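**Q** Below is one structure. I have some questions about it.
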Amino acid sequence: MNKMKKEELADELSRINVNSNLSEIQQYITQMMKINGFHNTPLELFCYFTEEVGELAKEIRKKEKNMDMDKQREYTSCLEHEIADVFIYLLALCNSYHIDWLSAFKEKEMINLNRVWK
């Protein structure tokens, strides 16, 4: 990978902050995937997303005291990283289908607001 492109990507990442919107993050993910040479199909992205959800499940399992784990093994854990991976792949899937995540969220939540939940 071109070092300059990676530096530009790092600069772009440094501009993302708590005031950034989802569209900006989606644009960053598009650039990151392009610069890294990731040209995945939607099906491949979904498989990676599913794998990351499994890794997230394992991290949550490690943190919960009532879940059985090998007590003789030392586990390292980074729940935050796994949540970030799930989010990245979810937005990458949105990008591959040209879905504006924020618009999709608002549209779906309006449907949910009209539901009667038990």
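**Q** Treat the count of other C-beta atoms within 10 Å as a stand-in for reagent exposure and order 18, 53 from fewest to most.
**A** Numbers: 18 4, 53 15.
Least crowded to most crowded, the residues run 18, 53.
**Q** Name the lysines eligible as straight-distance cross-link partners of residue 118: C-alpha to C-alpha under 20 Å, and not fewer than 8 places from it in the same chain.
**A** 108
**Q** What distance in nm separates the simple spin-label points at residue 87 and residue 6, each placed 7 Å from Cα in the Cβ direction?
**A** Taking the simple label geometry, residue 87 and residue 6 are separated by 2.4 nm.
**Q** Per DSSP H run of n ≥ 4, the term is -39500 (n - 2.57); total these for the chain, divide by its residue number, and report the mean residue ellipticity at 222 nm rounded to 500 deg cm²/dmol.
**A** Only helices count here, giving -22500 deg cm²/dmol.
**Q** For Cα pairs less than 8 Å apart in space and 6+ apart in sequence, what is the mean separation divided by the residue count of region 3-110, i.e. the relative contact order in percent? Write out the running numbers ahead of the final one.
**A** Details: 59 pairs, mean separation 36.9, N = 108.
It rounds to 34 percent for region 3-110.
Bear in mind these aren't lab numbers, they're just calculated from the coordinates by the rules spelled out. These numbers come from a predicted model, not from an experiment. No Cβ is skipped: glycine too gets one built from the backbone with ideal geometry, and neighbour counts run over all protein chains shown.
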